[in-house]
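Here the structure comes first, spelled out in C-alpha cells, and everything after it is commentary.
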Protein chains: 6
Amino acid sequence: MRVALYRRGHFNAAHRLYVPTWSDEKNQEIFGKCNNPNYHGHNYDLEVKVSGEVDPETGMLIDLKYLRDIIEEKVEEKLDHKNLNTDIPELRDIRPTTENICYFIYQQIKEELGEKYDVKVRLWETPRNSAEYPAD
Amino acid sequence: MRVALYRRGHFNAAHRLYVPTWSDEKNQEIFGKCNNPNYHGHNYDLEVKVSGEVDPETGMLIDLKYLRDIIEEKVEEKLDHKNLNTDIPELRDIRPTTENICYFIYQQIKEELGEKYDVKVRLWETPRNSAEYPAD
Amino acid sequence: MRVALYRRGHFNAAHRLYVPTWSDEKNQEIFGKCNNPNYHGHNYDLEVKVSGEVDPETGMLIDLKYLRDIIEEKVEEKLDHKNLNTDIPELRDIRPTTENICYFIYQQIKEELGEKYDVKVRLWETPRNSAEYPAD
Amino acid sequence: MRVALYRRGHFNAAHRLYVPTWSDEKNQEIFGKCNNPNYHGHNYDLEVKVSGEVDPETGMLIDLKYLRDIIEEKVEEKLDHKNLNTDIPELRDIRPTTENICYFIYQQIKEELGEKYDVKVRLWETPRNSAEYPAD
Amino acid sequence: MRVALYRRGHFNAAHRLYVPTWSDEKNQEIFGKCNNPNYHGHNYDLEVKVSGEVDPETGMLIDLKYLRDIIEEKVEEKLDHKNLNTDIPELRDIRPTTENICYFIYQQIKEELGEKYDVKVRLWETPRNSAEYPAD
Amino acid sequence: MRVALYRRGHFNAAHRLYVPTWSDEKNQEIFGKCNNPNYHGHNYDLEVKVSGEVDPETGMLIDLKYLRDIIEEKVEEKLDHKNLNTDIPELRDIRPTTENICYFIYQQIKEELGEKYDVKVRLWETPRNSAEYPAD
C-alpha cells in the first residue's frame, strides 16, 4: 500500500537576484526589482512530500515527528532569518532563485531519508509564486 | 479530452494512536502525545480528485452535485463528530493514522464511482500534515 | 535539472450552465441552480504550472515576470469582469463549465509558451471545486 | 460574561454596478469594469458576529445550529446563484455594492435575532475587498 | 502611540458537549452531534491581541518571543492533544464550549501580562465558527 | 449609514532589528535572530480599513479603485522589494518593527484621505504576527 505524506515548514530570509559577471544594466533588465543591492526578503513556505510503503503494524509511512525534526534541523535552522546570498555556503555561488533554493532543500531532505523514500519539495516564495523539484 | 475535477469536504473527529499489543512505554515512545488514552481530535479536510473524459455535450466530467453527495454520504456522515477508534467498524482494528483514514476514504469513493473514473484522495489532519492515496 | 514553476492569477466573471437544445426541465434537472437565466458568478482562481529545464546561469526556469504578463494578457484581461456565456467568442458555443474554461486557459498559455515547456492549469470555481487540464 | 460568536457563510452571485439615471459615459467613469451590462460575478464570503451574555448552564451565547440556520434561510438561500440586480426585490432599486449587500444581510439577521443580541456583518466580495456594517 | 499586536497559536483536542444533570434526550436535543459520548475533536486556532503603548527606544509594544512563550506554556502545552472534558482541571466542571475555552485562555494570558496591557482572545473551533472574549 | 471598507495590499522587504547605540550583546539578547546584520525578510500583508458614511446615490463609501491606487502609490511602490533599514528615509532612524511600519503606513494613507474618513491599518509580518494602528 503505497501512500504519500506531506509536511509543511517555513522560514524568513533576505535575498537578491543578480549575476556578478553581468553589467548592472543587464542585471536590472533580467531581474528588475529583485536586483536591489540592499536586498529584499520573503516568508518562504515549503512542503515536503515523502512517498513509500505503509508499515502495516503502525499504519504509518514515516514518523511525522522524525520528518518534522529533519525539516527543522536541515532546512529551517539553516535558512531562517538568514541572508541567502551571504549566510549559506551552499547557495553562495549560485542564484538564490526559488528553483535553486527548492533544489537545495530537496538535497538536504533526500540525503537524510535515503533510498527508502521518494521525496518531492514545493517551495512558495510568495502565495502566488512557487517551485517544485523534481518535476514530473 | 481528459481532465480532473477536485471536490473538498471536511469532518471533525477524535482519535488516539496506539498498538494494543505493545507496552505503554513503547506506545508512548512511538506515538508520543497522540497516545493520550482520553483521546484528542482534529478538523480533517479532504480533497477527492476524479479523472476521466469530459462529456462534450454537457462540458462536464462528472456531476459535481453527485460527487458532493457521495462525499457527504460515504465520508462526512460516517466520520463527522465521531471517535475514529470506537465508532467506525472498518477502522476499529487498524490504527486511525492519516494514512489509513485516507485509504478508507479512497475505498468509500472508489466503490461508488467504479471503473469509469480514476480516484485520488488527499486528507489533511492539520494544515501542516496530510496524506495522499494512491501515491504516484 | 528539471523543475516546475507555479504562478497564480484570478478573475471575476458571470456565467450560466445550460444546453440550448434541451428543454427547460432537463436543463433544470442537470444544472440546477447553475441554470439561472439571469446568471450567477464566481471569483475564479487559477494556477499555471510550467515544467522544464533550469537555465544554469540565471537559476531560472522561465522569467516569472514574462509568465505573469502572459497570464494577465491572455487570461485575466480577456475573462475578468466578463460574462462567460456572451462576452468570450471562444466560449460562446460550449458550456462555460470549470472543465471547459480550464482547457481554454491551457490553450491560451500553451500557444504562447510553445514546445519548450510543459503546461498544466488548475482552475478553482470556488474554494471547494476545481478542475485541472491536462489530467495525469 | 459578555462574549462574541462568529459564524461564516457564503454565496455566489452575479451583479452589475451602474446608476440608471446616469449617462453611459458617467457610469463607465465611476464604475469601470463593474459596469459591464452583461454582468460579472463573485464568490461572496460573509461573517456574522453576534455579541451578548453567555448562558452559564450551557456555556453558550447562542445555539450555533440556530445561527447557521438563520444564515442559510435568510441569506444564502435568498442570494446564492442569483443575479443581485434582478432577482432580489430588496436590492433592485439600490446599487448592489458590497456596502449595500452587507447592510441588507445585517437587516436580515438582526430582524430575526431581535434586541437580545448585538449583530455585526462583514462581507468579502473578493479576498482583497470587504465591507462591514455597522462600523465602530 | 497606542498600538495592538496579534499573535496566533493552535492546539488539537477532543471534547464533548453535555450537561450532566440533563436527560440524554435533552442533551441530544440541545447539543446534537456534539453530544457523542465517545468524544469528537478539533484543530483549535487562537489569536491573542495585546494593546498598549509602544516603547520608543525599541519600537516594540511587547517582546513577541515573550508573548509566544506565554502562549506556548500557558495555553498550548496545557491543551494540546488533550481531552478538554477530562484532562484540564479548570474546564472539568464547565462546558468546553468555544465561549468557555476562549475565556479560559483569556484568563491564562491576562494573569501573566497584568494591568500594563489590554488583552483580547479569539478562538476558532473550525474555520467557520469562532468566539471572542471580551466582546466590545 | 456608517460602514467600513477594507482593502488588502502586500509588499516584500528586508529588514534588521537593532538599536545602534546598544552593544552587540544587548541587541542579540533583545532582538535575537532578528538582529542578523546581513538582514532577513518578509512578505508583508496589509489591510486598510476606512470608515464613514455611504453615498446614497452610488451606494459606495469610497471608490475602491481610488483606495487601491493610494495603497499602490503611497505604500507598495515605496516599500516593495526594499530594505526597510536603508532604503526608506522615514524609517531610517527608527526601528522597522511591525508596530512602526504599521504606523508609517497609517500616516501615508491618512494624509491622503484627510478628515472625511477614519483609517485603521493592520500589518502582518508573518501569518502568525501582526500589528494594528490605531488600537481601540
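Summary table below
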quantity	calculated
Residue in segment C:70-86 that is modelled with pLDDT under 95 and either touching a helix residue (DSSP H, G or I) at 6+ places or on another chain (Cβ under 8 Å) or closer than 20 Å to residue C:131 by Cα (or both) present	no
Selected residue (criterion: surrounded by the most Cβ atoms within 10 Å (Cβ to Cβ)) from residues of segment B:1-57 that are farther than 27 Å from residue B:86 by Cβ and among the small types (Gly, Ala, Ser)	B:4
Pick from segment E:22-57, criterion modelled with pLDDT of 95 or more and of a type in the set (Val, Ile, Thr), ranking: nearest to residue B:34 (Cα to Cα)	E:48
Members of segment E:58-115 found to be facing another protein chain (nearest Cβ under 8 Å), surrounded by fewer than 23 Cβ atoms within 10 Å (Cβ to Cβ), within 30 Å of residue F:99 (Cβ to Cβ) and not aromatic (Phe, Trp, Tyr), listed by number	E:58, E:59, E:60, E:63, E:64, E:65, E:80
Pair list, Cβ < 7 Å and 6+ apart or interchain, from segment A:1-14 residues that are within 30 Å of residue A:40 (Cα to Cα) and within 14 Å of chain F (Cβ to nearest Cβ) to residues that are part of a strand (DSSP E or B) and of a type in the set (Asp, Glu)	A:8/A:45; A:8/A:47; A:10/A:45
Wholly within segment B:2-118, helices (runs of 4 or more DSSP H) carrying at least 1 residues that are in contact with a strand residue (DSSP E or B) (Cβ under 8 Å, 6 or more places away or on another chain)	B:64-71, B:98-113
Per-region count, segment B:99-136, residues touching a residue at least 12 places away in the same chain (Cβ under 8 Å) and among the basic types (Lys, Arg)	3
Test: residue in segment E:100-108 that is under 26 Å from residue D:123 (Cα atoms) and touching a His at 6+ places or on another chain (Cβ under 8 Å)	no
Residue check for residue B:99: at negative phi and either of a type in the set (A, V, I, L, M) or at pLDDT 95 or above (or both)	yes
Residues within segment E:87-98 that are without any contact (Cβ under 8 Å) to a residue 40 or more places away in the chain and within 16 Å of residue E:19 (Cβ to Cβ), tallied	4
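The values are calculated or read from the model by the stated rules, or taken from the named source; none is laboratory data. Just so we're clear, the structure is a prediction, and the values are computed from it rather than from any experiment. Don't worry about glycine lacking a Cβ; one is built from the backbone with ideal geometry, like all the others, and counts go over all protein chains shown.
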